[in-house]
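Engineer: Provided herewith is a single structure, encoded as structure tokens, for subsequent inquiry.
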């Protein structure tokens, strides 16, 4: 018994160490991590600039090369890599598809190894892999939805600011530049990027359409079309932008109302899906001998797998019912 406990503790420590290494590797591959390291004024007996460069840039490039040569070369150019890259862009995560897949894969393997050694059954390892995959997708979707909601909240005031700048006599590119300087993230940096692209002769219409595809915003697409039509045919672009800002504001109000009315349905989806897991955990703690056949007997494992599958289907159905596009 003591030997079993000792081996389990050793495996637990090894799994945690692997997870920590994977997390550190993912963080160090981020551009923001390296930039923060360069900005730190750390004391050094050698040249500070050379020390920071070797400890941040070299490590980041080495880790990225390992990931890209291992996994990136296998998934590069596939539809899966393209879809994952689009998801990461929508979520505002500065990572490649190979880096993200590597992190999710290592996390799932560590979690599955822990559960398999803890409960002594491979069905828990499979469930751990599925949970990791689902959790990573939920994280990306939630982050993308929050980023898009923040983007939509800033869009109407920014479009109105563009209209006011045009009425004051500024050109459209000057209006974009001045608005980008005072607008917070995430919309401010996106406008600044459009201005920098325009300095390299990239059409504003193309930059706005690229922004609309990345943030999945129909309002930005309408803005791009309006700017292009005004450039070709002329007209009162300031008045058009004011009407677009008013439409965006009204649509935002309706979206908030719909979200409020469907909040109970979304909460019900999470509550109903969490109740079986909570009851199973309580039974496992109160009466382990009563619940252990669900983990050790083949019929119990099949019931757990089927129940987990049905819970996932129920969550998907409820989320599709309460998802109303405005």
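Engineer: Given the options 321, 282, name the one that is out of contact with any strand residue (DSSP E or B) (no Cβ under 6 Å at 6 or more places or on another chain), under 22 Å from residue 141 (Cβ atoms) and in a helix (DSSP H, G or I).
Structural biologist: On the way: 282 fails: under 22 Å from residue 141 (Cβ atoms).
Residue meeting the stated conditions: 321.
Engineer: While we're on this one: Is at least one residue of region 228-242 under 30 Å from residue 85 (Cβ atoms) and assigned to a helix (DSSP H, G or I)?
Structural biologist: Pass one, region 228-242, residues under 30 Å from residue 85 (Cβ atoms): 228.
This time we only want the ones that are assigned to a helix (DSSP H, G or I), so: 228.
Yes.
Engineer: Quick one: which residue in 244, 229 is crowded, with 17+ Cβ neighbours inside 10 Å and assigned by TED's automatic domain parsing to the domain that holds residue 179?
Structural biologist: From the options 244, 229, the qualifying one is 244.
Engineer: Filtering region 148-163 down to residues that are touching a residue at least 60 places away in the same chain (Cβ under 8 Å) and surrounded by fewer than 17 Cβ atoms within 10 Å (Cβ to Cβ), which residue is farthest from residue 181 (Cα to Cα)? If you could, list the steps in order and put the result at the bottom.
Structural biologist: As a first pass, look at region 148-163 and keep what is touching a residue at least 60 places away in the same chain (Cβ under 8 Å): 148, 151-153, 155-157, 159-160, 162-163.
Pick out the ones that are also surrounded by fewer than 17 Cβ atoms within 10 Å (Cβ to Cβ) and you get 153, 157.
Numbers: 153: 18, 157: 14 Å.
Going through the qualifying residues, I end up with 153.
Engineer: Another one. Consider residue 95 against the criteria (1) crowded, with 18+ Cβ neighbours inside 10 Å; (2) assigned to a helix (DSSP H, G or I): it satisfies all of them except one. Which criterion is unmet?
Structural biologist: The failed condition is (2).
Engineer: Collect the residues in region 287-302 that are touching a helix residue (DSSP H, G or I) at 6+ places or on another chain (Cβ under 7 Å) and surrounded by 12 or more Cβ atoms within 10 Å (Cβ to Cβ), keeping them in residue-number order.
Structural biologist: 291, 293, 294, 295, 300, 301
Engineer: Of the residues 179, 257, only one is more than 24 Å from the chain's Cα centre (by Cα) and surrounded by fewer than 17 Cβ atoms within 10 Å (Cβ to Cβ); which?
Structural biologist: 257
Engineer: Are any residues in region 206-221 farther than 15 Å from residue 159 by Cα, surrounded by fewer than 17 Cβ atoms within 10 Å (Cβ to Cβ) and modelled with pLDDT under 90, and if so, which ones?
Structural biologist: 213, 214, 216, listed by residue number.
Engineer: Residue by residue through region 248-268, note down the ones that are assigned to a helix (DSSP H, G or I) and touching a residue at least 24 places away in the same chain (Cβ under 8 Å).
Structural biologist: Listed by number, the residues that qualify are 248, 249, 251, 252, 254, 255, 258, 265, 266, 268.
Engineer: Could you please let me know if residue 213 is part of a helix (DSSP H, G or I), touching a helix residue (DSSP H, G or I) at 6+ places or on another chain (Cβ under 8 Å) and without any contact (Cβ under 8 Å) to a residue 24 or more places away in the chain? Give the derivation first.
Structural biologist: On the way: part of a helix (DSSP H, G or I): yes; touching a helix residue (DSSP H, G or I) at 6+ places or on another chain (Cβ under 8 Å): no; without any contact (Cβ under 8 Å) to a residue 24 or more places away in the chain: yes.
Here the answer is no, as residue 213 does not meet what is asked.
The values are calculated or read from the model by the stated rules, or taken from the named source; none is laboratory data. These numbers come from a predicted model, not from an experiment. Positions of Cβ are generated from backbone atoms using ideal geometry, with glycine treated the same way; all protein chains shown enter the neighbour counts.
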